[in-house]
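Written below as structure tokens is the structure these notes are about.
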Amino acid sequence: MKEKHREQVQNDMVYGVHTVTESLEANTGNKLYIQDDLKGKNVDKIKALAAEKKVSISWTPKKSLSEMTDGAVHQGFVLRVSEFAYAELDDILKKAESEENPLILILDGLTDPHNFGSILRTADATKVAGVIIPKHRAVGVTPVVSKTSTGAVQHVPIARVTNLSQTLDKLKEAGFWTFGTDMNGTPSHKWNTSGKLALIIGNEGKGISQNIKKQVDEMVTIPMDGHVQSLNASVAAAVLMYEVFRNKI
């Protein structure tokens, strides 16, 4: 029970200069905690932004902030926020319809919040139309995800769905080609990235689940010539997102 309570407390807070700033700008902040002995430009900037957004400030000892964030690097700023507002799948599809050669990213059972945050950061940089994650057995948007993404969670629509398989059917009905990552597949530099694309990134250890693999139109592989035969999930996602982005510009 204590563990669940701590998770709830953690999940309604974000921390760190960039993430707190982005959350305030997105009007999701409820109460701001600033380290009581902190001074400098960041304090002045965030304090002014909180005043503009009518968010109350509590000057708090560093030790208390560390306890609130479970020992994370908070840089002296912690913000209590509204629960993260996930997008609807239909909203992402509408956004994709307005773009040329849109890319939607599907994360199949990703569990590491740092990987998720890094992927969101790259997704924002490469103009990904949206990210789809499953509700169960996968990481959602947590404070660690928010901080690692350096605020990208406020700019990339994220939909949380109950059934990935049904979601893929819906994407295919909307004219999307689905791609997965595998050791054997089309080399990424020969990948035809024109049209509507849905790219599936698998779990860090197991990869893409078998039932999802059956629905994939084509597998893409990232050529490697070293001793290690696989890349970190966020690195693999970044390489492929940039491949699509490169072909757009």
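The values are calculated or read from the model by the stated rules, or taken from the named source; none is laboratory data. Just so we're clear, the structure is a prediction, and the values are computed from it rather than from any experiment. So basically every Cβ, Gly included, is an ideal-geometry build from the backbone, and we count neighbours across all protein chains shown. Each accessible area value is taken on the protein alone, full model and side chains, heavy atoms only, with ligands, DNA and RNA left out. Shrake-Rupley method; radii C 1.70, N 1.55, O 1.52, S 1.80 Å.
Couplings 3J(HN,Hα) of segment 153-165, computed from phi: 4, 7, 10, 10, x, 10, 9, 10, 10, 7, 9, 5, 4 Hz, in residue order, whole Hz [Karplus 6.51 cos²θ - 1.76 cosθ + 1.60, θ = phi - 60°; x for Gly and Pro]. Residues whose amide H lies under 5 Å from that of residue 130, counting only those 5 or more places away or on a different chain, are 105; hydrogens are built 1.01 Å from N in the peptide plane. Relative to the current alpha-carbon distance between residue 91 and residue 30, full extension at 0.36 nm per residue lengthens the span by 19.4 nm. Once the Cα-Cα distance is subtracted from the 0.36 nm per residue extended length, the residue 162 to residue 62 segment shows a gain of 32.0 nm.
Per residue, the chain exposes 52 Å² of accessible surface when a 1.4 Å probe is rolled over the protein heavy atoms with every protein chain present. With a Förster radius of 45 Å applied to the C-beta separation of residue 224 and residue 39, the computed FRET efficiency comes to 0.40. Taking amide H positions as modeled 1.01 Å from N, with prolines and chain starts lacking one, the residues under 5 Å from residue 36 and 5 or more places away or on another chain are 60, 62.
Dipole magnitude for the chain: about 460 debye, using +1 per Lys or Arg Cβ and -1 per Asp or Glu Cβ, origin at the Cα centre. Whole-Hz Karplus values for segment 95-106 come out as 4, 4, 4, 7, 10, 8, 6, x, 10, 10, 9, 10 Hz, taken residue by residue from phi with 6.51 cos²θ - 1.76 cosθ + 1.60 and θ = phi - 60°; glycine and proline positions read x. Counting charges near residue 30 (Lys, Arg +1; Asp, Glu -1) among other residues having Cβ under 14 Å from its Cβ returns a value of +2. The Cα atoms of segment 89-248 define a convex hull whose projected area, averaged across directions, is 8.6 nm². The residue list 126, 188, 227 was ranked by how far each Cα lies along the charge dipole of the chain toward its positive end, using unit charges on Cβ atoms, and 126 comes out on top.
Note that segment 69-84 has calculated 3J(HN,Hα) couplings of 9, 6, x, 6, 7, 9, 6, x, 10, 10, 10, 7, 10, 5, 4, 4 Hz, one per residue in order, obtained from phi through the Karplus relation 6.51 cos²θ - 1.76 cosθ + 1.60 (θ = phi - 60°); glycine and proline are x. Dividing the summed -39500 (n - 2.57) terms of all DSSP H runs of n ≥ 4 by the residue count of the chain sets its mean residue ellipticity at 222 nm at -11000 deg cm²/dmol.
Neighbours of residue 213 by Cβ distance under 14 Å: Lys/Arg scored +1, Asp/Glu scored -1, total -2. For segment 69-86 versus segment 90-124, the inter-centroid distance based on Cα atoms is 22 Å. Over every Cα atom in segment 190-249, the radius of gyration and the widest Cα-Cα span, Dmax, amount to 12.4, 35 Å.
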